[in-house]
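Single-structure report; data block below.
The values are calculated or read from the model by the stated rules, or taken from the named source; none is laboratory data. These numbers come from a predicted model, not from an experiment. All Cβ positions, glycine included, derive from the backbone under ideal geometry; neighbour counts span all protein chains shown. Calculation scope for accessible area: heavy atoms of the full protein, side chains included, ligands and nucleic acids excluded. Shrake-Rupley method; radii C 1.70, N 1.55, O 1.52, S 1.80 Å.
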Amino acid sequence: WSGGPNVTTENYFNQMAAQGQSFFNASGDGDAFVDGSSHDVNNSSQTTYPSGSPNITQVGGTVLVMSGSGGSYASETNWNDNTPNPHGGYWGSSGGISTNPIPYWQTNISMTANHGSTTNRNIPDVALTAVNCYVKYGNGSSGPYGGTSAAAPLWAGFMALVNQQAALGGRSPIGFANPAIYAIGKSANYTNCFHDITAGDNFWSASLTNFPAVTGYDLCTGWGSPNGAGLINALAGLPAISPVAGFTAVGAVGGPFSPASMVYSLTNSTSSNLLWSLVSPSSWFNVSPTNGTLAPNAVTNFTVSPSAATYQLSAGIYPANIVFTNRSATAALNISCQISIGQDLVENGGFETGDFTSWSRSGNLADTGINNNLYVHSGNFGVQAGPIGNAPLGFLAQTLPTTPGQNYLVSLWINSLYGSTPNQFQVQWNASTVFNQTNLVVPATWTNLLLTVAATVTNTVLQFGFRNDNDYFGLDDVSVTPIPVPTIIALGKKTNTLTFTWNSLAGVAYQIQYKTNLLQTNWINLATNTAGGLTVTFTNATGPDPRRFYRIRQLP
């Protein structure tokens with residue numbers, strides 16, 4: 001576009017839209033547009049054209065953070081390296097205000113917090129990943145790339161998926177996407193369709209206050225990055241289910257599970273009645289209702305919950321897909337579901353990502369120990385926990401999905417190279433201190449600390465605090481596992497010998513008690529066993545008391 005803007009070029013953009021084609025343009029990599037600078041969106045040479053065009057979609061850049069071993073979405077910030085680039089200016093997602101009048105679809109947006117204009121075209125419209133992109137191109141070439149010139153083709157690829165979905169439903173390609181994008185951004189369906197980027201800015205030395213990332217539309221990342229299937233369905237004009245995130249229930253063997261259920265909304269964005277039906281049920285989940293008729297632009301709700309069969313399952317992870325379709329079978333909607341039974345709730349508890357992914361840290365906390373066996377219990381990474389010297393505590397915390405009323409076993413491994421004092425180590429469970437000891441004597445060999453705690457809310461914060469004035473504690477292999485209610489699952493009797501087996505959790509102590517008469521006031525302690533696995537088997541010679549009533553208690 002070196003020739004600058006002209007009638008022919010703008011007509012070309014309009015023709016593309018009329019033909020059902022979408023045009024995504026990199027907003028630029030020089031941070032905020034500034035009048036009179038080398039990257040002025042309004043300068044007379046129009047070297048930044050077509051960034052100011054109102055007839056195409058401008059794409060800014062983000063920094064994406066993933067979490068967990070599966071690499072799921074965690075967060076995004078606006079891309080701004082705040083360092084000079086070789087071509088002048090600074091590296092970062094460009095945005096600003098052009099001299100073109102504001103298009104109709106960009107009106108009725110508050111421009112107070114984002115410093116935008118209510119009379120002129122604001123840039124960008126949307127954003128996507130601009131850092132750590134690995135590109136394959138040119139029949140075998142590949143390499144790392146970045147910038148908004150990487151984000152723009154990612155949006156083009158995403159729009160290809162939208163058009164495929166639209167074609168499946170018998171609809172035309174989307175074409176110029178901005179009217180639909182802005183309509184979604186202004187609607188109650190916004191967060192179901194976009195990741196709203198509220199962290200960061202595209203400030204630089206010539207623009208110290210413009211432009212900040214804010215809630216909703218801003219001049220760093222526009223409306224944000226696409227939230228997967230939610231935005232695909234909304235743009236394609238097909239029925240959509242929200243929230244787009246799947247349903248994951250967690251709990252102990254035998255339950256209960258949290259959350260107990262999740263309510264989903266089904267939206268019919270087509271112009272005709274939708275006859276919908278559940279076509280792929282799951283043994284692990286109940287769905288209610290399972291079918292219905294939905295008028296154009298109407299919304300209905302249905303509920304997904306664990307089925308009775310899940311309470312009979314052993315420890316494990318049980319995935320399932322729940323599929324809905326309209327009765328003409330032109331489109332299918334899928335919910336990915338999972339029951340996680342008796343599993344560790346902590347993400348990156350062994351710190352094997354090499355960093356503090358999934359954890360929040362504060363205070364003077366040391367880094368992860370990389371291939372350093374002094375601070376590693378297993379694997380390749382552990383934590384050098386706590387500041388040394390006379391300093392405040394360092395902290396490490398993670399929020400866990402929990403079930404109110406459920407007991408959990410907190411397990412962690414700790415060492416202290418020199419076993420010296422003074423020091424302090426504490427464990428907090430939802431702001432309640434469950435372990436706090438100063439001058440803790442921990443040998444250089446690793447020690448397993450086990451704590452039994454109970455949840456009172458659905459999201460519980462596990463936090464560690466520490467200092468060690470002569471060195472660091474080693475901290476590794478943190479886990480939090482739901483403790484099942486002990487239930488007898490097998491029973492056998494031979495002569496005067498009784499054998500029974502109950503479900504358990506390794507590391508938890510259980511007490512076996514009995515009575516010879518239920519009218520007795522007290523139970524008699526028979527034995528105490530610490531579980532080594534998922535079950536415990538106990539054999540008892542009844543002796544002179546052939547009639548006994550037994551019970552099993554989990555010890556604190």
- Kirkwood Rh in Å, taken over the range 399-473 so that all alpha-carbon pairs contribute: 13.2
- Based on the alpha carbon coordinates of the range 410-553, what radius of gyration and maximum Cα-Cα distance (Dmax) apply, in Å? 20.3, 62
- May I ask for the percentage of alpha-carbon pairs in the range 459-533 that lie more than 16 Å from each other? 71
- Query: Between Ala298 and residues 5 or more places away or on another chain, which pairs have amide H atoms under 5 Å apart, with H built 1.01 Å from N, and which residues are they?
  - Reply: Asn268
- Note on the structure: In degrees rounded to 10, the 0-90 angle between helix 148-168 Cα long axis and the longest Cα principal axis of the chain is 80
- Query: Hey, what angle do you get for helix 7-18 against the long axis of the chain, alpha-carbon based, 0 to 90 degrees rounded to 10?
  - Reply: 40
- Task: Using only C-alpha positions, report the orientation-averaged shadow area of the convex hull of the range 273-329, nm², one decimal.
- Result: 4.4
- Expressed as a percent, the accessible surface of the chain that is carbon or sulfur, using a 1.4 Å probe and the full set of protein chains, is 52
- Item | In order through the range 137-143: 3J(HN,Hα) via Karplus (6.51 cos²θ - 1.76 cosθ + 1.60), integer Hz, x for Gly, Pro | 7, x, 6, x, 6, 7, x
- Message: Can you classify the range 125-201 as rounded, prolate or oblate using the Cα gyration tensor, where a ≥ b ≥ c are the square roots of its eigenvalues, rounded means a/c under 1.5, and otherwise it's prolate if a/b beats b/c and oblate if not?
- Response: oblate
- Evaluate E = 1/(1 + (r/R0)^6) for Tyr73 and Thr495, where r is the Cβ-Cβ distance and R0 equals 41 Å; express this FRET efficiency to the nearest 0.05. 0.10
- Task: Report the dimensions of the range 211-347 along its three principal axes from the alpha-carbon atoms, largest first, rounded to Å.
- Result: 48, 45, 19
- Message: Given a 1.4 angstrom probe, what's the average accessible area per residue across the chain, in square angstrom?
- Response: 45
- Task: Go through Arg547, Arg467, Arg553, Arg121 and list them by solvent-accessible area, largest first, probe radius 1.4 Å.
- Result: Arg547, Arg553, Arg467, Arg121
- Query: Among all the lysines, which ones have a C-alpha under 22 Å from Lys515's C-alpha, if same-chain residues fewer than 8 places away are not counted?
  - Reply: Lys493, Lys494
- Can you give the charge dipole size of the chain about its Cα centre, rounded to the nearest 20 debye, using +1 on the beta carbon of Lys and Arg and -1 on the beta carbon of Asp and Glu? 2300
- Message: Using all alpha carbons of the range 458-499, what is the percent of pairwise distances in each 5 Å bin, ordered from the shortest bin to the longest?
- Response: 5, 10, 14, 12, 11, 9, 8, 8, 8, 8, 5, 3, 0
- Query: Label points 7 Å out from Cα along the Cβ direction at Asn373 and Asn297: separation in nm?
  - Reply: 7.0
- The ³J(HN,Hα) series, computed from each phi in the range 200-206 with the Karplus coefficients 6.51, -1.76 and 1.60 at θ = phi - 60°, rounded to the nearest Hz and given as x for glycine or proline, is x, 6, 10, 5, 8, 4, 9
- Query: For the chain, what is one quarter of the convex hull surface built on the Cα atoms, given in nm²?
  - Reply: 34.7
- Message: If you consider only alpha-carbon coordinates, what radius of gyration and Dmax does the range 169-246 have, in Å?
- Response: 14.7, 51
- Message: Once each part is reduced to its C-alpha centroid, what is the distance from the range 231-305 to the range 471-549 in angstrom?
- Response: 42
- Task: Pull out the extension gain between Met66 and Thr433, defined as 0.36 nm times the separation in residues minus the alpha carbon to alpha carbon distance; nm, one decimal.
- Result: 129.1 nm
